[in-house]
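This report refers to the structure that appears directly beneath it.
No lab work stands behind these numbers, since they all come straight from the coordinates. In this text the structure is predicted, and so the values were computed from the model without any measurement. Every residue, glycine among them, receives a Cβ derived from its backbone with ideal geometry; neighbour counts consider all protein chains shown.
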Amino acid sequence: MTEAAYSPELQAMIDRAGALTAEEAETLGRLWKSDEGIVLSSPSVGMGIQGGVDLPVITNEDLIGAWERALDAAGKAGRVDEIEAAREAGRVVVQDLRHSHDDAYAKDGAEEAVRSAVLATGVRDLVTDDDYRLLTAAWAKVVDPA
């Protein structure tokens, strides 16, 4: 349970995020990462010589745009609690999974999926139906299947 006072709906999502099983978190994370449309570029010789790494590129521009619009709308409307609730949800997922030996890729995806679903829910009145569906799709499939 968090110390901040969020709306009951957001608090329930945060609590549920904290109760994700390792299997649910992995499924959620992998689903989110597949939705991102990540492309891993071929390693470049220059980066290899310099000891660097070519970072993955997210190619789902719709998902990136939906996240940016939701965050921007929350900021412009002064919805600090909703932004903080999204951060808190991400923290509880990471905290609960930090001792897990599961794939870091899936952990990162679970954190991102939870944060986006909580933010989208918190600013539901400020985002389009399409953006809301994009940002909550992974959560809806894994955590709250209908």
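A few points about this structure:
- Packing-based ranking, highest mean first, of 15-24, 129-138 given that Cβ atoms within 10 Å are counted: 129-138, 15-24
- Gain in span if fully extended, T59 to D108, counting 0.36 nm per residue against the direct Cα distance: 16.0 nm
- Radius, Kirkwood style, for segment 78-145 when every pair of distinct Cα atoms is counted (Å): 12.4 Å
- Residues of type lysines that K141 reaches as a straight line, Cα spacing below 21 Å, ignoring anything fewer than 8 places off in the same chain: K33, K107
- Our estimate of slack between V80 and A140, defined as 0.36 nm per intervening residue step minus the Cα-Cα distance, is 19.2 nm.
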